[in-house]
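First the structure, then my questions, so here it is.
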Amino acid sequence: MTATKPYTQFTYEEMAAKNKEYVWHPFTQMKQYIEDNPVIITHGKGRKLFDMQGKSYWDGVSSIWLNVHGHCVEEINEAIRDQLNLVAHSTLLGMANVPSVLLAEKLVKLMPKGLKKVFYSDAGATSVEIAIKMAYQYWQHKGKPEKQHFITMKEAYHGDTIGAVSVGAIDLFHETYRSLLFPSIKISYPFIYRSPYGEDRDTIVQKHLEELEKTLNTRGHEIAALIVEPIVQGASGIIVMPEGYLRGVRDLCTKYDVLMIADEVATGFGRTGKMFACEHEDVTPDILTAGKGITGGYLPVAITVTTDEVYNAFLGEYEEQKTFFHGHSYTGNPLGCAAALANLELFEKTSLVDEVARKSIYLEKRLKEFYELKHVGDVRQKGFMAGIELVKDKETKEPFEWKERVGVLVCRRTRELGMLLRPLGNVVVFMPPLASTIEELDEMLSILRQAIYDITEGNEE
Ligand SMILES: *Cc1c(COP(=O)(O)O)cnc(C)c1O
């Protein structure tokens, strides 16, 4: 296999030693990590990844929520190679390149109606920074500079740069940096399983919308935008919104003249069974951010897409200084845009979004069976985004203690059984590549179920 060729002079042990010596891994307690034998990936094919020790694994979380068609997909490989033979990179500052133009056209056609202008960057976090700065500056141009504040949802995750962390609300990740952050207004995200308003979904929606309206009513005049992970709040533990909430948020933002930012970095590009999650409730945000699946999980490209209304507010004479002074070195990278174009062509060719919607009905049915397990408290799923919350006691919903690391242990067990996963606390996340077949899903699910059983029940009498 040619993919492994370049580095075959090294043994696993040598590579593991270099990894330990030189690399600091993200979201990883390095003290523990370096005591373990690391998985070192050499290549991938389809929905599988292969490591230096000759083991293969299902990519059960799509390499952290990115992968779409699988690994080493010929059409995407070829598109990148073709572009590479032309030019690897040229700037978008004051000039254009071919793939970024064609991709923007394609994206606008796919977007919820009304989103018209594409601003490129290179990570989900940067796409959010851009959205924040755009919203902030928009109101200055509109003559309402007092609109400076942001509403976000409790437990929200929008990336790890300082602006994105400022609108983030996962204490474990964000609290350390509090004094560095700008303050944001936090309202609660409707969470059916642990709702203080009982189990009736309409009541939950209504109560949460009332909470939002109260905030908007008192502070709307000083709020630039509300940012939300539409339909599924991801990093908080795959929390699926009850129907009607997103629509309600949109309507309230409109009513109180607040921009709505939909962060579709995780949910965009088919993940929830629609091209964009906003489509589930026929919502067009004022600004939409996306990344992750945009290149099929190949290269770092992200986008911030907005309406003509927002875009036009930045138009003016040079000396008016209405320019959006923001950009990154690799904004609009041609290789990334070429990969994204090939990715989106494959979406069409394989009717991928419809297929995800179809297969997710099957996935839902299979995941419901997990309730047979003693410690599965809640199964949350939308499309190919699923979270299984493990609890100590199903009746009382008492969580496992943090230090029990039950999510970590389950994922360690799935790895032994041949699938790579990564938990969020006590929530085991399952997010297979969108092109996974029913047979592949079955194999992954049986590993998942086995691992949950082994860790939570296997030692019980
Ligand atoms: C992953 C994620 C981000 C951050 O994206 P990066 O590419 O990791 O910077 C932002 N928002 C949401 C909803 C995400 O899931």
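Pairs only if they're at least six apart or on different chains, beta carbon under 7 angstrom, first in the stretch 394-407 and farther than 14 Å from Ile455 by Cβ, second assigned to a strand (DSSP E or B) and among the small types (Gly, Ala, Ser); list them, first residue then second.
Within 7 Å, the pairs are Lys394/Gly377; Lys397/Gly377.
Under 9 Å between Cβ atoms, which residue pairs at least 6 apart in sequence (or on different chains) link something in the stretch 60-80 that is on the phi > 0 side of the Ramachandran plot with a partner that is in a helix (DSSP H, G or I) and modelled with pLDDT under 95?
Hits for this filter: Cys72/Ala3.
Please identify the pairs in which a residue from the stretch 157-169 that is in contact (Cβ under 8 Å) with a residue 24 or more places away in the chain and under 12 Å from Glu229 (Cα atoms) has its Cβ atom under 7 Å from the Cβ atom of a residue that is more than 7 Å from the ligand (Cβ to nearest atom) and not in a loop (DSSP other than H, G, I, E, B), counting only partners at least 6 apart or on another chain.
From residues that are in contact (Cβ under 8 Å) with a residue 24 or more places away in the chain and under 12 Å from Glu229 (Cα atoms), the pairs are His158/Ile227; Val167/Ile132; Val167/Phe150; Val167/Thr152; Val167/Ile227.
Among (1) surrounded by 14 or more Cβ atoms within 10 Å (Cβ to Cβ); (2) modelled with pLDDT under 95; (3) not aromatic (Phe, Trp, Tyr), where does Ala16 come up short?
(2)
Any residue at all in the stretch 175-194 that is under 30 Å from Leu103 (Cβ atoms) and touching a residue at least 60 places away in the same chain (Cβ under 8 Å)?
Scanning the stretch 175-194, I find no residue that is under 30 Å from Leu103 (Cβ atoms) and touching a residue at least 60 places away in the same chain (Cβ under 8 Å), so the answer is no.
Collect the residues in the stretch 1-26 that are within 28 Å of the chain's Cα centre (by Cα) and not in a helix (DSSP H, G or I), keeping them in residue-number order.
Across the stretch 1-26, the qualifying residues are Val23, Trp24, His25, Pro26.
Take the conditions surrounded by 22 or more Cβ atoms within 10 Å (Cβ to Cβ) and either polar (S, T, N, Q) or within 16 Å of the ligand (Cβ to nearest atom) (or both) and apply them to Thr215. Does it pass?
Values: surrounded by 22 or more Cβ atoms within 10 Å (Cβ to Cβ): no; either polar (S, T, N, Q) or within 16 Å of the ligand (Cβ to nearest atom) (or both): yes.
The answer is no for Thr215.
Select from the stretch 240-274 the residues that are under 22 Å from Ile130 (Cα atoms), hydrophobic (A, V, I, L, M, F, W, C) and away from the ligand (no atom under 16 Å from the Cβ) and list them in ascending order.
Matches in the stretch 240-274: Cys253, Val258, Leu259.
Among the residues that make up the stretch 179-192, is at least one of them in contact with a Lys or Arg (Cβ under 8 Å, 6 or more places away or on another chain) and small (Gly, Ala, Ser)?
Yes, that holds for at least one residue.
How many residues does the stretch 27-58 hold that are without any contact (Cβ under 8 Å) to a residue 60 or more places away in the chain, within 24 Å of the chain's Cα centre (by Cα) and part of a loop (DSSP other than H, G, I, E, B)?
4
Do you know which residues across the stretch 380-412 are in contact with a Lys or Arg (Cβ under 9 Å, 6 or more places away or on another chain), within 14 Å of Arg194 (Cβ to Cβ) and not small (Gly, Ala, Ser)?
Glu389, Val391, Lys394, Lys397, Glu398, Pro399
While we're looking at this one, here's another question. Would you be able to tell me the number of residues in the stretch 117-145 that are within 16 Å of the ligand (Cβ to nearest atom), in a loop (DSSP other than H, G, I, E, B) and in contact with a Phe, Trp or Tyr (Cβ under 7 Å, 6 or more places away or on another chain)?
Residues flagged as within 16 Å of the ligand (Cβ to nearest atom), in a loop (DSSP other than H, G, I, E, B) and in contact with a Phe, Trp or Tyr (Cβ under 7 Å, 6 or more places away or on another chain) within the stretch 117-145 amount to 1.
Please verify whether Tyr298 is outside any helix (DSSP H, G or I) and among the aromatic types (Phe, Trp, Tyr), treating the condition exactly as stated.
Yes; evaluated as a whole, the condition is true for this residue.
So Thr307 ticks every box in (1) touching a strand residue (DSSP E or B) at 6+ places or on another chain (Cβ under 8 Å); (2) within 14 Å of the ligand (Cβ to nearest atom) but one. Which box is left unticked?
(2)
When you scan the stretch 370-387, do you find a residue that is assigned to a loop (DSSP other than H, G, I, E, B), loosely packed, with under 15 Cβ neighbours inside 10 Å and hydroxyl-bearing (Ser, Thr, Tyr), even just one?
For the stretch 370-387, residues assigned to a loop (DSSP other than H, G, I, E, B), loosely packed, with under 15 Cβ neighbours inside 10 Å and hydroxyl-bearing (Ser, Thr, Tyr): absent.
Of everything in the stretch 81-95, what is touching a residue at least 60 places away in the same chain (Cβ under 8 Å) and small (Gly, Ala, Ser)? Give them in sequence order.
Listed by number, the residues that qualify are Ala88, Ser90.
Let me ask something else about it. Of the residues that make up the stretch 338-356, is at least one surrounded by 14 or more Cβ atoms within 10 Å (Cβ to Cβ), small (Gly, Ala, Ser) and not in a helix (DSSP H, G or I)?
No, the stretch 338-356 contains no residue that is surrounded by 14 or more Cβ atoms within 10 Å (Cβ to Cβ), small (Gly, Ala, Ser) and not in a helix (DSSP H, G or I).
Okay, moving on. With the requirement that a residue be away from the ligand (no atom under 14 Å from the Cβ) and within 26 Å of Ala125 (Cβ to Cβ), what does the stretch 220-239 give you?
Glu222, Ile223, Ala224, Ala225, Leu226
The values are calculated or read from the model by the stated rules, or taken from the named source; none is laboratory data. Just so we're clear, the structure is a prediction, and the values are computed from it rather than from any experiment. Here the Cβ is made from the backbone with ideal geometry for all residues, glycine too, and neighbour counts use every protein chain on show.
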